[in-house]
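Here's the structure we're looking at; comments come further down.
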Amino acid sequence: MTNYIPSLSRLSCLGASVATVATVAALLTAPPVLAEDAPAANPATPAGPWTITKHIDLASRYVLRGVTTTYGNGQPLGNAGADAPESDQAALQWGIDFVHTSGWSFGYWASTINYSYKQLGNSYSDRSITAFQKPRSVENDFYFAYAGNIMGDLGYILGMTGYYYANGTHANALETKAGLTWGALSFNAQTLLNDVVWGNKGDTYWTLVYTKPLPYDITFTGTLGAYTYKREGKYLGTRDTATGTACAAGEAFVVNGCFAGNGPSSGGLRHLTLGLSAPFPDSSLSWSLQAILGGYNRFDVKQGNQLVGMLSWGF
């Protein structure tokens, strides 16, 4: 997520392909024109000043920015209730990245989701909806960025991501990104620009990322993620904006009603993720494992720990 890759848009390094992380991170953390050497899981395709990375991945599950248990303010509802994680079963993911030696980059990343953002969004105005499994959604992320050098090992990155959900309602969004890189460290802030069912306008996701090559072509990545939240939005807060009524004490509004439980938080630690990744010898395949140490969601509900694995094919 010293990188601007899909893992730092919605994924936060939980489910990004190894090839994408290694190749794009190496190029974007370097000053323009000069790319650092880094252990790429699969060789990218050079096309003049462009480096192109393509991948198809199979993740054991899709966890969004450390939320392993619930997005809500009380008891978890699971995927049957359009609740976390994004997929509690194997998720198919794919993408392509284009990185230019000038510092510009753009790309696309997608993932299957094991519930329906269309049904979830429609339930904001139609409270009779209780089935959230079909039609299942597909998340599509389109992003661009510019990475530059300030001095020495200190660099910066500015970019934006657009989120489009096939089979989604009130879910599409824009998010900005600004970050600093220094050697193996990066510090990033991503801010949501509109209200959606998964966040409020002004929510900012903060990450501190450390990457270190290890023996045997293994790469270690540690990501500390935190959030600052806007407490009130159209779909999340303390007021049912569809009916114009305030929630009672001890309740919060979560998309389709006021529910008993915690109230909105202004921010907190979201997750600590420790990951290992490496290519298989003499192969275009690679593997990754991430141990997610759960923090707290926007309603200050503690998240459980989770181990996530992935197989990736870079081509």
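When Glu232, Glu139 are compared by accessible area at a 1.4 angstrom probe, the order from most to least is Glu232, Glu139. Highest-first packing order for the peptide set 265-273, 210-218, 105-113, 59-67 is 59-67, 105-113, 265-273, 210-218, based on the mean count of other beta carbon atoms within 10 Å. For the pair Arg239 and Ser266, label points projected 7 Å from Cα toward Cβ lie 1.9 nm apart. Applying the Karplus relation 6.51 cos²θ - 1.76 cosθ + 1.60 with θ = phi - 60° to segment 206-214 yields 3J(HN,Hα) values of 10, 9, 10, 10, 10, 10, 9, x, 10 Hz, where x marks Gly and Pro.
Averaging Cα coordinates gives a centre for segment 46-104 and one for segment 190-265; these two points are 17 Å apart.
Among the protein heavy atoms, those of Arg136 account for about 100 Å² of accessible surface (1.4 Å probe, every chain in place).
Couplings 3J(HN,Hα) for segment 235-248, derived from phi with the Karplus relation 6.51 cos²θ - 1.76 cosθ + 1.60 (θ = phi - 60°), are 10, 9, x, 10, 9, 6, 6, 6, 9, x, 10, 7, 6, 6 Hz, where x marks Gly and Pro. Within the assembled protein chains, the solvent-accessible surface assigned to Thr238 is about 50 Å², based on a 1.4 Å probe. Taking all protein chains as shown and a probe of 1.4 angstrom, Ile56 keeps an accessible surface of around 70 Å².
Measuring between alpha carbons in the structure, the pairs from Lys54/Lys302; Lys212/Lys234; Lys134/Lys234 lying more than 32 angstrom apart are Lys54/Lys302; Lys212/Lys234. In this structure, the amide hydrogen of Tyr71, modeled 1.01 Å from its nitrogen in the peptide plane, lies closer than 5 angstrom to those of Ala84, counting only residues at least 5 positions away or on a different chain. Per residue, the chain exposes an accessible area of 41 Å² to a 1.4 Å probe, with every protein chain left in place. The accessible-area ordering, largest first, of the residues Phe315, Phe98, Phe299 stands as Phe315, Phe98, Phe299, per a 1.4 angstrom probe.
A Förster distance of 25 Å, applied to the separation of the beta-carbon atoms of Lys212 and Leu293, puts the FRET efficiency at 0.85.
Phi angles across segment 98-105 convert, under the Karplus curve 6.51 cos²θ - 1.76 cosθ + 1.60 with θ = phi - 60°, into 3J(HN,Hα) values of 10, 10, 9, 5, 6, x, 7, 8 Hz, Gly and Pro given as x.
Basic side chains Lys and Arg get +1 at the Cβ, acidic Asp and Glu get -1 at the Cβ, and with that the dipole of the chain about its Cα centre reaches some 580 debye. The accessible surface of the chain, taken with every protein chain in place and a 1.4 Å probe, is 64 percent carbon and sulfur.
The values are calculated or read from the model by the stated rules, or taken from the named source; none is laboratory data. Note that the coordinates shown come from a computational prediction; the quantities given were computed from them, not determined experimentally. As a convention, Cβ positions derive from the backbone with ideal geometry for all residues, glycine included, and neighbour counts pool all protein chains shown. What goes into the accessible areas is simple: the full protein's heavy atoms, side chains included, and nothing from ligands, DNA or RNA. Shrake-Rupley method; radii C 1.70, N 1.55, O 1.52, S 1.80 Å.
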